[in-house]
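*Asks:* Pasting a structure below so you can have a look.
The values are calculated or read from the model by the stated rules, or taken from the named source; none is laboratory data. This structure is a prediction, so every number in the text was calculated from the model and none was measured. Cβ placement follows ideal geometry from the backbone for every residue including glycine, while neighbour counts extend to all protein chains displayed. Areas reflect the complete protein model, heavy atoms only, side chains present, ligands, DNA and RNA absent. Shrake-Rupley method; radii C 1.70, N 1.55, O 1.52, S 1.80 Å.
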Amino acid sequence: MSPFIRAALVLGLMCAVGPLAIDMFLPALPTVTGDLGGTASAAQLTITAYFIAYGLAQMVYGPVADMAGRKPPVIAGLALFAAGSLVCAFAPDMNWLIAGRVVQALGGAAVMVIPRAIIRDMHTGREATRLMALVMLIISVSPMLAPLLGSGVIAVSGWRSIFGVLAAAAGLSILMTILLQPETLAPERRTPVRVRAILSGSARLLRDPLFMGLTFVGGFGMASFFVFLASASFVYTGHYGLTPTGFSLAFAANAAGFFSASQMAASLGDRFGPGRVVSRAVTGFVLFALLLLALVASGIDHFALLVGLLICANACLGLVVPTTMVMALDDHGDAAGLASSLGGMLQMLAGGVLTMLAGPFFTDHPLPMVAAIAVSALLSLGAMLFTQAARSRRPIAPVWPPDAPV
């Protein structure tokens with residue numbers, strides 16, 4: 001096995017813990033609502049609270065990873081994730097479940113931030129995007145199979161056992177990190193955590209229009225997927241009458257569209273330039289989202305049509321997200337951990353806030369969900385236009401030729 005493939009496998013399996021915590025739980029949302037005496041809005045808050053805590057915690061892990069190396073904070077984060085999973089497993093009511101989800105997210109954020117910094121330690125440009133896409137291919141097994149695994153666990157031993165499985169997965173990831181993942185940040189390259197340096201570094205990144213624009217192009221695109229995660233189980237089971245297993249299969253199809261397309265990001269970027277790929281993919285995302293909204297709003301309500309257009313929209317996102325992640329970090333190799341943390345936090349907060357704002361309008365009808373996805377697409381388009389304008393004012397050398405403005 002080549003070192004490149006080995007790195008992708010280790011990082012991908014490490015990163016899969018976070019998506020497992022989201023996707024395994026989705027088929028259980030309607031059941032949890034009944035068992036704990038909560039409302040649909042409270043059940044959706046278990047998803048939204050996870051995203052927000054996940055985003056905020058990333059600002060901690062990046063600087064710590066720049067100071068202590070990459071492995072120690074990963075191990076600490078996974079241990080915290082396991083503890084939060086056990087809180088969820090024994091939660092007596094919805095409030096305790098939400099609290100456990102927050103603890104899970106505070107730990108799981110480590111495996112969102114630090115693998116991106118590890119990739120930046122090892123590669124830049126095209127090779128970094130190739131590795132990022134391979135990692136995302138491995139992660140894709142999680143959202144495609146996790147709902148089915150969750151449905152099976154629910155059928156055998158109830159929804160609480162899902163969190164026991166997640167705690168065990170975190171334990172296995174800790175062992176894998178200790179035994180298989182080499183440290184990529186040499187001691188001489190480590191920098192101590194200085195609050196003033198973090199604030200000044202964050203301010204520098206926040207003032208960089210290219211970093212901010214690229215971050216939110218991907219962030220608002222990801223927000224549409226967060227909206228889908230929070231509402232799809234109620235729409236698919238309540239409106240269309242799917243069983244938890246049927247929902248899991250439909251969800252897997254949507255995830256497959258995203259991750260299959262992500263594998264073409266590096267080769268398309270190499271051929272056409274990453275900026276042109278992002279521009280075309282965002283345009284496609286907007287067109288599919290608006291077409292779906294127009295059809296559902298006009299009363300055309302067919303499940304196959306809904307799933308088909310969501311697959312197409314998510315395939316466009318599969319090109320956008322890994323490419324914008326790499327492009328946003330490429331100019332900031334001297335602070336890859338901080339840049340990864342800040343970018344990840346902003347993206348998660350964008351998704352969490354948008355989902356929270358849309359939450360009161362969600363029902364088991366697809367229209368509110370589809371409308372929120374369309375809003376996310378338009379916001380992503382706005383971020384892309386902002387980035388184009390910023391790049392035209394400050395031309396920079398392309399990441400890989402030939403390139404076009406994002």
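*Asks:* Connecting C-alpha atoms closer than 10 Å in a GNM of the chain, tell me which of 187, 244, 73 has the biggest fluctuation.
*Replies:* The residue that fluctuates most here is 187.
*Asks:* Further, regarding this structure: Need one word for the chain: rounded, prolate or oblate. Basis is the Cα gyration tensor (sqrt eigenvalues a ≥ b ≥ c); a/c below 1.5 gives rounded, then a/b vs b/c decides.
*Replies:* Values: a/c = 1.68, a/b = 1.17, b/c = 1.44.
Cα axes put the chain in the oblate bin.
*Asks:* Same structure again: Highest GNM mean-square fluctuation, the chain, Cα pairs closer than 10 Å: which of 317, 172, 106?
*Replies:* 172
*Asks:* Of the candidates 274, 360, 30, which one comes out as most mobile in a Gaussian network treatment of the chain with C-alpha springs shorter than 10 Å?
*Replies:* 360
*Asks:* For the chain, what does the helix formula give at 222 nm: sum of -39500 (n - 2.57) over DSSP H segments with n ≥ 4, over the residue count, nearest 500 deg cm²/dmol?
*Replies:* Value at 222 nm, helices only, nearest 500: -27000 deg cm²/dmol.
*Asks:* If you take the square roots of the eigenvalues of the alpha-carbon gyration tensor of region 219-365 and sort them as a ≥ b ≥ c, do you get rounded (a/c under 1.5), prolate (a/b over b/c) or oblate?
*Replies:* Verdict is prolate for region 219-365.
*Asks:* Using a 1.4 Å probe, what is the accessible area per residue for the chain, in Å²?
*Replies:* Accessible area per residue: 37 Å².
*Asks:* Let me ask another. What is the Cα centroid distance between region 54-128 and region 221-240, reported in whole angstrom?
*Replies:* First find each Cα centre; the distance between them is then 24 Å.
*Asks:* OK, next. Using mean Cβ contacts within 10 Å as the protection proxy, how do 252-262, 227-237 order, highest first?
*Replies:* Highest mean packing first, the order is 227-237, 252-262.
*Asks:* Using a 1.4 Å probe and ignoring any ligands, DNA or RNA, find the accessible area of residue 96 and quote it in Å² to the nearest 10.
*Replies:* Roughly 140 Å² of residue 96 is accessible to a 1.4 Å probe.
*Asks:* To continue, here is another question. Might you report the magnitude of the Cβ-based charge dipole of the chain about its Cα centre, with Lys and Arg at +1 and Asp and Glu at -1, to the nearest 20 debye? Spell out each step's value before the answer.
*Replies:* Numbers: 21 positive and 16 negative charges, 176 e Å.
Here the chain has a charge dipole of around 840 debye.
*Asks:* How many angstrom separate the Cα center of region 159-215 from the Cα center of region 257-330?
*Replies:* Their Cα centres are 27 Å away from one another.
*Asks:* Take residue 95 and residue 300, extend 7 Å from each Cα along the Cα→Cβ direction, and tell me the distance between the two endpoints in nm.
*Replies:* 4.8 nm
*Asks:* For region 195-273, just say rounded, prolate or oblate: build the C-alpha gyration tensor, square-root its eigenvalues into a ≥ b ≥ c, call rounded for a/c under 1.5, and beyond that prolate if a/b exceeds b/c, oblate if not.
*Replies:* Cα axes put region 195-273 in the oblate bin.
*Asks:* Counting alpha carbon pairs within less than 8 Å and at least 6 residues apart, what relative contact order, in whole percent, applies to the chain?
*Replies:* After rounding, I find 27 percent.
*Asks:* Could I ask something else about it? What's the carbon and sulfur percent of region 49-139's accessible surface, probe 1.4 angstrom, rounded to a whole number?
*Replies:* Roughly 74 percent of what the probe reaches on region 49-139 is carbon or sulfur.
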